[in-house]
Amino acid sequence: MKEFPACLILASAVLAACTQSSSESAGTASSSATTPNGVAAARPVAAATAAPATGGCPRTGKWALCSVENRLVQSGFVVRRVNGEAPRRAGFSVTPAVYTLGRSRLEVFIYPSESALASDVAKMDTVAAAPRGAKNPWPFFSPTFVRSANLAAVFLTDNPTQAERLTLALTAGAPQP
């Protein structure tokens, strides 16, 4: 019987130590893990005290620029908004928000509704991300066209892995109510 209280005290101490160490490490940006060859590798961890992912973005089932930015950051992209006036693009009835993601360029078109986007997409060649019959207006790289709910995006990159990551991040859907 004397062993039972000792086990209870030991279990409480272990639980307290685990709780304390996880709250201390929650504010760090990374932790390390040891690989089979004994080398420590850094990996990102989520902070338990971080602000909610939505950051005040509306959760309406439609995309908003803040929800696009949050999703891209959650997907590991370094997102920088390009200052200045965004160019009008043939075939798109809305003006894009323009970002750089590393050496790549992303133009995001947020429509008021899915039907407004569908109207524009019906007249487009989505491989060229331009009106049907028009030549490719995108400099340097062939575009990756992404469509999700009320969002269309054109990603210009020479990195197919990044193009796939971006496509998966945005086609996962807008934040739901």
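Between Arg81 and Ala134, the FRET efficiency from the beta-carbon distance, with R0 = 41 Å, is close to 0.90. Restriction of the trypsin sites (Lys or Arg not before Pro) in region 74-143 to DSSP coil positions whose beta-carbon has at most 14 other beta-carbons within 10 angstrom yields Arg88, Arg103, Lys123, Arg132, Lys135. Of the listed residues Ser115, Ser104, the order by accessible area with a 1.4 Å probe, largest first, is Ser115, Ser104. Could you tell me what % of all Cα pairs in region 81-140 have separations over 15 Å? Counting every Cα pair in region 81-140, those more than 15 Å apart make up 55 percent.
The values are calculated or read from the model by the stated rules, or taken from the named source; none is laboratory data. A quick note: this is a predicted structure, and the numbers were derived from the prediction, not measured. All Cβ positions, glycine included, derive from the backbone under ideal geometry; neighbour counts span all protein chains shown. Surface areas here come from the heavy atoms of the whole protein model, side chains and all, with no ligands, DNA or RNA. Shrake-Rupley method; radii C 1.70, N 1.55, O 1.52, S 1.80 Å.
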